[in-house]
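Taking it in order: structure first as structure tokens, then the write-up.
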Amino acid sequence: MPVRSLPGGAVHSETDVLIVGGGLVGASLACALAQAGVSTRVVEMSPLDGDRQPGYDERSIALAQGSQRIFAGLSLWSALEPDACPIHTIHVSDRGHFGFTRLRREQEGVPALGYVATARVLGKVLAQALQQLDSVEVLAPAQLGAFSVDNEGVSADINCQGEIQRYTASLLVAADGAQSGIRERLGIETTRRDYAQTAIIANVSTDKPHNHVAYERFTASGPLALLPMTEGRSSLVWTVRADQGEEVMALDDAEFLERLQERFGYRLGRFTRVGRRNAFPLQLLQAAESVRPRLALIGNAVHTLHPVAGQGFNLGLRDVAALAEVILDARRRGQDIGAAGVLQAYARWRQGDQRRVTLFTDSMVRLFGQSLPPVAWLRDAGMLALDVCPPAKRWFGRMTMGRAGRLPRLARGLSPVDD
Ligand SMILES: Cc1cc2nc3c(=O)[nH]c(=O)nc-3n(C[C@H](O)[C@H](O)[C@H](O)COP(=O)(O)OP(=O)(O)OC[C@H]3O[C@@H](n4cnc5c(N)ncnc54)[C@H](O)[C@@H]3O)c2cc1C
């Protein structure tokens, strides 16, 4: 790493990329870059271990098939696989109405439509991988302070447990989540919608096996997903109106399971146990810009979605794969990786996928939030049509498996530097 002297006397080796945020998305980018020899620093507010990092919690992440390929390309899949439960079928239904649709792995010709793993497992595997890579340095717990950008590079003050250090890099990546301080400080505009809904997550046990089916059930108060997990458990993501969140969280386990049974029905038999519950308020957020000279935004910092279709992290991971590819290509050509032209190529590439997935997710929330009889009838007719119409089903399959649009090399099962 080249060394640059800085005003104030502090001297730090300069890195190619400074990533702020070591959540699932920031840590994945650090792995992708450091594996290819790009010198990288990650700044994370919380200690980067499974127990204290809030992004590495018990929420279950449905990984699209494209995300599995990205993790395989990063040589991380073998570590994740034992704790990832394959999804063979996706079953979507509308509570109290006739519509339903199914997607099966056989129709798509894939071993699994996706996989379910907890954020904690994903985080642990990523943190362990980072520890073993020479080209990456993790500063945690540490926080980004003042930063500036000029033609030469990025200069950032990092508060490491009360001591301020200055670091420089060619490129700053904001992977600092939905409340991105970098985005706010640069005045990048956002479109936001508060869904006035709360997602309650918990692991549950049922007396019938899940048989690797992921259920998405739309109810009058919001969608309810049950995802298959290892050891026969299922992971619940139950969306309720924000004004009901506290009451549902306060129910004792027996009352909670009774309420859940009434909402979900008996497809999995009786609910027998529920683990610890957590609640997340839900919003839609889209940033108006995802790049500035020497700056790129990725993951929740640029798009925060409703979890209804399980797309947020998958979309962020495709940001990671695309940005890594653009950076590595630029380096190979001898270009400055922070140059506006290089970063605009990333922004243009990601725009279509980000818009498509955001619209898909938001439309599902809106469409299934309607209880007016003609709307409910039309959407149920649409679901049945989707079930029997092969081209529509193929489109639905591509969206859910993360295979729509131009895919980065990693998402096609190639190394990020392959031709
Ligand atoms: C209930 C629920 C279920 C979900 N299910 C799915 C699913 O099935 N499939 C799917 O694909 N997605 C799912 N998601 C979405 C997914 O969890 C998120 O998209 C993903 O975790 C976002 O990761 P991130 O790294 O971009 O952001 P974050 O996890 O928010 O990470 C940002 C990090 O930046 C750090 N940070 C912030 N500011 C600073 C600073 N100034 N200095 C240093 N560090 C800083 C924070 O500490 C944090 O660790 C779900 C979300 C919810 C709420």
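The values are calculated or read from the model by the stated rules, or taken from the named source; none is laboratory data. Note that the coordinates shown come from a computational prediction; the quantities given were computed from them, not determined experimentally. As a convention, Cβ positions derive from the backbone with ideal geometry for all residues, glycine included, and neighbour counts pool all protein chains shown.
Worth a mention:
Each row is one residue, and each column tells you yes or no for (1) within 23 Å of A214 (Cα to Cα); (2) within 13 Å of the ligand (Cβ to nearest atom); (3) buried (at least 24 other Cβ atoms within 10 Å of the Cβ).
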{"position": "E14", "(1), (2), (3)": "no, no, no"}
{"position": "I19", "(1), (2), (3)": "no, yes, yes"}
{"position": "S28", "(1), (2), (3)": "no, yes, yes"}
{"position": "S39", "(1), (2), (3)": "no, no, no"}
{"position": "M45", "(1), (2), (3)": "no, yes, no"}
{"position": "Y56", "(1), (2), (3)": "yes, yes, yes"}
{"position": "A64", "(1), (2), (3)": "yes, yes, yes"}
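- The residues in the stretch 222-267 that are at pLDDT below 95, of a type in the set (F, W, Y) and part of a helix (DSSP H, G or I) can be counted, and the count is 1.
- Odd one out for A196 among (1) surrounded by 15 or more Cβ atoms within 10 Å (Cβ to Cβ); (2) over 30 Å from Q65 (Cβ atoms); (3) touching a helix residue (DSSP H, G or I) at 6+ places or on another chain (Cβ under 7 Å): (1)
- Test result for L224, crowded, with 19+ Cβ neighbours inside 10 Å, touching a helix residue (DSSP H, G or I) at 6+ places or on another chain (Cβ under 9 Å) and aliphatic (A, V, I, L, M): yes
Conditions (1) touching a residue at least 24 places away in the same chain (Cβ under 8 Å); (2) over 19 Å from the mean Cα position of the chain (by Cα); (3) surrounded by 15 or more Cβ atoms within 10 Å (Cβ to Cβ); (4) more than 9 Å from the ligand (Cβ to nearest atom), marked per residue:
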{"residue": "Y115", "(1), (2), (3), (4)": "yes, no, yes, yes"}
{"residue": "A119", "(1), (2), (3), (4)": "yes, no, yes, no"}
{"residue": "L130", "(1), (2), (3), (4)": "yes, no, yes, yes"}
{"residue": "E152", "(1), (2), (3), (4)": "no, yes, no, yes"}
{"residue": "A156", "(1), (2), (3), (4)": "yes, yes, yes, yes"}
{"residue": "Q165", "(1), (2), (3), (4)": "yes, yes, yes, yes"}
{"residue": "V173", "(1), (2), (3), (4)": "yes, no, yes, yes"}
{"residue": "D176", "(1), (2), (3), (4)": "yes, no, yes, no"}
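- Test for R277: is it within 13 Å of the ligand (Cβ to nearest atom), of a type in the set (D, E, K, R) and more than 19 Å from C85 (Cα to Cα): yes
- Scanning the stretch 204-254 for residues that are touching a Cys at 6+ places or on another chain (Cβ under 6 Å) and either β-branched (V, I, T) or under 19 Å from Y266 (Cβ atoms) (or both) gives P228, T230.
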